[in-house]
Amino acid sequence: MSEPERKTLPRKGAGGRAVHDIGGLTLGPIDRSEHDLALWEKRTDAMLILLRDNKRRVLSVDAHRRAIESYGEQEYDRITYYEKWIRAVRNLLVEQNVLTRDEIEARLAQVRSKHEKAGRKAAKEGVPW
């Protein structure tokens, strides 16, 4: 019997474990302090609840997890918990033809412009796809 095709990338030096499978590895200290979530993190959580609810069912928990587990090692280690979540949502919405990349980029440009005009800090670059 042939082995199924691997859908996750292996972590270097982790004995064949996937990039996201970091339990028990020595990767440095973990910040266990309580902290307030930023507004965008709260909105990301709310968006996931709405996209997964029984009526809409736009995204499934399994699809969201698959998207996060497909990140490469450098990307997975570099970005925060909620950055993983929001990138996965964005990628799944495009993958499932709910939105296009162009629609997302155009809306981000509008929001960025609005923030800049209001004198607020806005990231110049987009999030890598």
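The values are calculated or read from the model by the stated rules, or taken from the named source; none is laboratory data. Every value quoted in this text rests on a predicted model; they were computed, and no experiment measured them. Using ideal geometry, Cβ is built from the backbone for each residue, glycine included, and neighbour counts are taken over all protein chains shown.
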From the option list Ile30, Ile22, single residue qualifying as modelled with pLDDT under 90, exposed (fewer than 10 other Cβ atoms within 10 Å of the Cβ), among the aliphatic types (A, V, I, L, M) and over 25 Å from Ile104 (Cβ atoms) is Ile30
Conditions (1) in contact with a Pro (Cβ under 9 Å, 6 or more places away or on another chain); (2) modelled with pLDDT of 90 or more; number of the one not met by Glu73:
(2)
